[in-house]
Amino acid sequence: MSKSLVSIVMGSDSDLEIMREAGKTLDEFGIAYEIDVTSAHRSPDRTAEYARKAAGRSIRVIIAGAGGAAHLAGVIAAHTTLPVIGVPIPSTSLQGMDSLLATVQMPAGIPVATVAIGKPGATNAGILAAQIIALADSSIAKKLNAYKENLARGFEEKSRKLKAALNP
Ligand code: RP5
């Protein structure tokens, strides 16, 4: 089994359904990843250790998802120089606006690349992680080009169907 290049981590097991989308995306590019749960607030020592040791375990990018007062991505970024992508999870009555702001509003010096709330964000986190890894891996770069071409082909098909439906 190849070593994990991406770590997908989340603040609660209740975040898994959304964070699985990041894993599915990495699967499409054939990038090995690990998944774990750790909390900035409920297991702070474990979270710090997880972040400190990630680079030594072959990890190149960390994707961190959390809801509510979502400090997980920021705390992880404080303990590593690896790129950290934050996924805001809509898990409270504020529907992710709370976690979006908590994740994105990092102070200067500790960046977290914040993506959209929920599943689209988790998907994009997977793509962004692949793009970072592709900088030093031409086989992943080729797969990213194919992915974009496939997206565009899908719209040619949508356009053809729409025109056929409007002008039968
Ligand atoms: C956050 O609180 C987690 O990331 C999750 O989105 C939210 C609720 O967690 P649970 O109460 O479901 O464990 O820390």
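The values are calculated or read from the model by the stated rules, or taken from the named source; none is laboratory data. Keep in mind the model is a prediction, meaning the values are calculated, not measured. Ideal geometry is used to build each Cβ from the backbone, glycine not excepted, and the neighbour counts take in all protein chains shown.
Please tell me if Ala73 is part of a helix (DSSP H, G or I), out of contact with any His (no Cβ under 9 Å at 6 or more places or on another chain) and either under 12 Å from Ile89 (Cβ atoms) or in contact (Cβ under 8 Å) with a residue 60 or more places away in the chain (or both). Taking the combined requirement at face value, the residue satisfies it. In the stretch 41-78, the residue that is nearest to the ligand (Cβ to nearest atom) out of those that are in contact with an Asp or Glu (Cβ under 8 Å, 6 or more places away or on another chain) and either of a type in the set (Val, Ile, Thr) or farther than 21 Å from Gly23 by Cα (or both) is Gly68.
Within the stretch 41-54, being part of a helix (DSSP H, G or I) and surrounded by 14 or more Cβ atoms within 10 Å (Cβ to Cβ) holds for Thr47, Ala48, Tyr50, Ala51, Ala54. Within the stretch 10-32, being over 14 Å from the mean Cα position of the chain (by Cα), within 16 Å of the ligand (Cβ to nearest atom) and not charged (D, E, K, R) holds for Ser12, Ser14.
The condition (being surrounded by 14 or more Cβ atoms within 10 Å (Cβ to Cβ) and modelled with pLDDT of 95 or more) is satisfied by just one residue among Pro90, Pro107, Pro120: Pro90. Those residues that are surrounded by 24 or more Cβ atoms within 10 Å (Cβ to Cβ) and outside any strand (DSSP E or B), I need them from the stretch 60-70; list them, please. Correct list: Ala70 only. State whether the residues of the stretch 33-40 include one that is modelled with pLDDT of 95 or more, more than 10 Å from the ligand (Cβ to nearest atom), among the aliphatic types (A, V, I, L, M) and surrounded by 14 or more Cβ atoms within 10 Å (Cβ to Cβ). Yes, because at least one residue in the stretch 33-40 is modelled with pLDDT of 95 or more, more than 10 Å from the ligand (Cβ to nearest atom), among the aliphatic types (A, V, I, L, M) and surrounded by 14 or more Cβ atoms within 10 Å (Cβ to Cβ).
If I filter the stretch 79-99 down to residues being within 12 Å of the ligand (Cβ to nearest atom) and assigned to a helix (DSSP H, G or I), which single residue comes out as nearest to Asn124 (Cα to Cα)? Checking each candidate, the answer is Ser99.
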